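The values are calculated or read from the model by the stated rules, or taken from the named source; none is laboratory data. Keep in mind the model is a prediction, meaning the values are calculated, not measured. As a convention, Cβ positions derive from the backbone with ideal geometry for all residues, glycine included, and neighbour counts pool all protein chains shown. Calculation scope for accessible area: heavy atoms of the full protein, side chains included, ligands and nucleic acids excluded. Shrake-Rupley method; radii C 1.70, N 1.55, O 1.52, S 1.80 Å.
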Amino acid sequence: MIKNWIIFTAYGEGSAIAKKLQDEGKDVLLCIVEDLKDIGLDEVPEERKRRLKGYDGIVKKEFPDKVISNLLKVKDPENYFLLFDLNCLWPIADKLRDKGFNGNFPTKDDYELEKKQK
């Protein structure tokens, strides 16, 4: 059974999942994108403040650079599940794809297809 969960999010959609897994006794980290420009999106400063405050004090949170660095050192990636809650997170998923982790790893093609369907 997988005990280590990392939920990657841009806007917080995966926050409730992180909380539920935490309540079930799983080791959970909510990895929230600090600057949306890192994934090719824009936002105004007030939106950024509000977006980053979600679930403060409820679940453990960290930013992607540190999380990715730590994950690339993990000796047992099969014991981790990485959940990317939106396809726009593909630039982060690309850094961790094919490293032995369980999870869903959106691609740039997934994101482009999603944008076409809107």
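Ligands, DNA and RNA are left out, and with a 1.4 angstrom probe the accessible area of segment 1-94 is 57 Å² per residue. Taking each DSSP H run with n ≥ 4 as -39500 (n - 2.57) and averaging over every residue of the chain yields -10000 deg cm²/dmol at 222 nm.
Loop-located GluC sites (Glu not before Pro) in segment 1-82 (DSSP state not H, G, I, E or B) with no more than 12 neighbouring Cβ atoms inside 10 Å: GLU13, GLU24.
Listed by chain and number, the lysines whose C-alpha is less than 20 Å from the C-alpha of LYS20, apart from same-chain residues fewer than 8 away, are LYS3, LYS53, LYS60, LYS61.
Among the listed options (i) 30, 13, 12; (ii) 27, 17, 14; (iii) 22, 19, 13, the one matching semi-axes √(5λ) of the Cα gyration tensor in Å as calculated from these coordinates is (iii). Pairs over the 29 Å Cα-Cα cut-off, from the set LYS73/LYS115; LYS49/LYS95; LYS73/LYS116: LYS73/LYS115; LYS73/LYS116. Counted by Cβ distance under 15 Å from ASP109, the other residues give a net charge of 0, where Lys and Arg count +1 and Asp and Glu count -1. In this structure the amide hydrogen of ASN102, modeled in the peptide plane, comes within under 5 Å of the amide hydrogens of TYR80, LEU82, none closer than 5 places in sequence on its chain.
The relative contact order of the chain comes to 29 percent, based on Cα pairs under 8 Å that sit 6 or more residues apart.
The magnitude of the dipole of segment 7-118, with charges of +1 and -1 set on the Cβ of Lys/Arg and Asp/Glu and taken from the Cα centre, is near 160 debye. Give me the net charge of TRP90's neighbourhood, meaning all other residues with Cβ under 11 Å from the Cβ of TRP90; Lys, Arg count +1, Asp, Glu -1. After counting each charged neighbour, the total is -2.
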